[in-house]
Amino acid sequence: MLIDWAVVPTCLPLVLRRCHVCASDRFRASRRFRVNAHHKLLDAWLLVLCTACGETAKLTVFERANVRSVRPELLDRLHANDPVLTAELLQDPVVLGRNRAALDWTGAWRLDTGGSEHLDREVVDVSVRFAARIPVRPVRLIAEGCGLSRAEVERHLAEGRLVSAVRLAGRLSGDFTFTLKR
C-alpha cells in the first residue's frame, strides 16, 4: 500500500540578498507591489523588508514592459497586492535569478504524513509530494516521517533496505518515492 506524504509551506520563505544599509542578508516579503508607468511602459517590483533594519528593497518582476504585453489579470493582481501572487513570484526561478536572490525555507514548511499507523509496518512504500519548490534533504524527511534518526536512515540506505529511483543524498525539491524495509 502506497502512503502519501506532503511537504507543504507554512509561511513565506525569507529572501536571501544583501541589504545595502546594514549588510544583513535576509529579507521578508512585505506582500506589497509597486507598479510604475512610463507612458506605455510599465515596471513592477515586489517589495521586501530587511529583517534587521527594516529597509525596503525591490525585487524586479518586470522592467520597461509594454502595457499591451502585460496581462490585465496580472496587472489587477499587482495593484491589489495579491498575497498568492507574492508566493508565486517568490518561487519563480526567473524572478529570483533576475534579482540575484535565493530563498531560505528554514522553519517555513512542514511534513504531513497522514498519521503514524505506517510506523509499525515491515515494508513501507511512500510517495512524497511537494506543494512548493522547497529544497529539503530526503534523509531528513524520511527520518522525521518514520520516527528514525538520520544515522538510522543512512544505515538503512547503506544496507540497501532504503531504496528509491532518485538519489537520496543532497537536496530535492521535486516529488519522489521510496521503499523502506525494516
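The values are calculated or read from the model by the stated rules, or taken from the named source; none is laboratory data. A quick note: this is a predicted structure, and the numbers were derived from the prediction, not measured. No Cβ is skipped: glycine too gets one built from the backbone with ideal geometry, and neighbour counts run over all protein chains shown. For the accessible areas, the whole protein counts, side chains as well, though only heavy atoms, and no ligand, DNA or RNA atoms are used. Shrake-Rupley method; radii C 1.70, N 1.55, O 1.52, S 1.80 Å.
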Q. How many of the residues in the stretch 1-36 are closer than 30 Å to Arg129 by Cβ, open to solvent by 70 Å² or more (accessible area, probe 1.4 Å) and out of contact with any strand residue (DSSP E or B) (no Cβ under 6 Å at 6 or more places or on another chain)?
A. 2
**Q.** Which numbered condition Arg171 fails, given (1) more than 23 Å from Thr106 (Cα to Cα); (2) surrounded by fewer than 17 Cβ atoms within 10 Å (Cβ to Cβ)
**A.** (1)
Q: Evaluate the following for Asp43: is it in a strand (DSSP E or B), at pLDDT below 95 and not basic (Lys, Arg)?
A: no
Q: Specify the residue that is least open to solvent (accessible area, probe 1.4 Å); the eligible residues are those in the stretch 88-118 that are assigned to a loop (DSSP other than H, G, I, E, B) and over 17 Å from Trp5 (Cβ atoms).
A: Ala108
Q: Within the stretch 51-87, track down each residue that is assigned to a loop (DSSP other than H, G, I, E, B) and either in contact with a Lys or Arg (Cβ under 8 Å, 6 or more places away or on another chain) or under 15 Å from Arg28 (Cα atoms) (or both).
A: Thr51, Ala52, Cys53, Gly54, Glu55, Asn81
Q.
Every residue in the stretch 37-49 that is surrounded by 14 or more Cβ atoms within 10 Å (Cβ to Cβ) and of a type in the set (D, E, K, R), please.
A. Asp43
Q) For the subset of the stretch 79-135 comprising residues that are among the basic types (Lys, Arg) and in contact with a strand residue (DSSP E or B) (Cβ under 8 Å, 6 or more places away or on another chain), which member is nearest to Leu16 (Cα to Cα)? A) Arg98
Q. Within the stretch 134-155, which residues are of a type outside the set (A, V, I, L, M) and in contact with a helix residue (DSSP H, G or I) (Cβ under 8 Å, 6 or more places away or on another chain)?
A. Arg140, Cys146, Gly147, Ser149, Arg150, Glu152, Glu154
Q) Of all residues in the stretch 50-87, which are in contact with a Ser or Thr (Cβ under 7 Å, 6 or more places away or on another chain) and open to solvent by less than 50 Å² (accessible area, probe 1.4 Å)? A) Cys50
**Q.** Single condition Cys19 does not satisfy, out of (1) closer than 26 Å to Trp109 by Cβ; (2) not in a loop (DSSP other than H, G, I, E, B)
**A.** (2)
Q.
Of all residues being of a type outside the set (A, V, I, L, M, F, W, C) and assigned to a strand (DSSP E or B) in the stretch 125-168, which is most open to solvent (accessible area, probe 1.4 Å)? Just the residue, please.
A. Arg129
